[in-house]
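What follows is calculated from the coordinates using simple rules that are stated; it is not laboratory data. Because the structure is predicted, anything quoted here is derived from the model rather than measured. For neighbour counting, all protein chains shown are included, and Cβ atoms are generated from backbone atoms with ideal geometry for every residue, glycine included.
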């Protein structure tokens, strides 16, 4: 059973969001400190190119802060942020495909060219990440929110606008396909 | 890789992206985000999507216009036949237009193609009015 990440308590996030809506930049800064790394982890696992990770994280945060009025508290701020991040990634992939500037090799999840890290990189993790890239988007997002972020199906369903039952089915399909891929 | 149990699989999944995320400079990200939030929102060119119902209306209008022209050729003297249903067409809803097209199809396939009705010039004013009313409904 996946263990939850150490999420910041919702009321604190809610207070920071309310402060940001009043124009408090310190509140925005604190929200970035709390959630940027988790967002980066989610995006990297979802297949973000390492060289683009900073930009994707920033873009997702900007969109979130500018569109915070549409956050109704249906899920945790971090979960909502990740769904925005997934959309940002999708848009970036679409633009890259249209511009055809990325060679195939760079479109794979990168390990940033660090020889030592490349040497110790876990083959299974690499294969899992490649397998994840082959999953349908919804399955991939449900899998990561559940397995990587440790969220409950209710939370995942609220963030992805689906039902907990459907989220559960997506997760199990994803696990099955990934395990087959790892065999 | 074979024989990986559920626990190992979950452990592996939890660690995905960790190394890349560790390289993120959170403070620099926070500064950059706040800096960008201070800038005015770009006035991006909005793409206006054409609603599907309007596409259907446009298609229906094109078909009606084409039908009108075709009827004009069948009966050059009876130009009003082609123009009459177009007068108030702007007020019709998509479903009304669809209904009108169905009626028109029926009229063309039935009345106008059989021998007795092939020559519209032979219709009396009363018959022509009846035909036009049938196109309206």
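Summary of computed values
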quantity	calculated
Packing-based ranking, highest mean first, of A:53-62, B:22-31 given that Cβ atoms within 10 Å are counted	A:53-62, B:22-31
Cβ neighbours within 10 Å from other chains - mean over A:42-49	4
Per-residue average of Cβ from other chains inside 10 Å of A:27-39	4
Within 10 Å of each Cβ in B:28-39, the average number of Cβ atoms from other chains	6
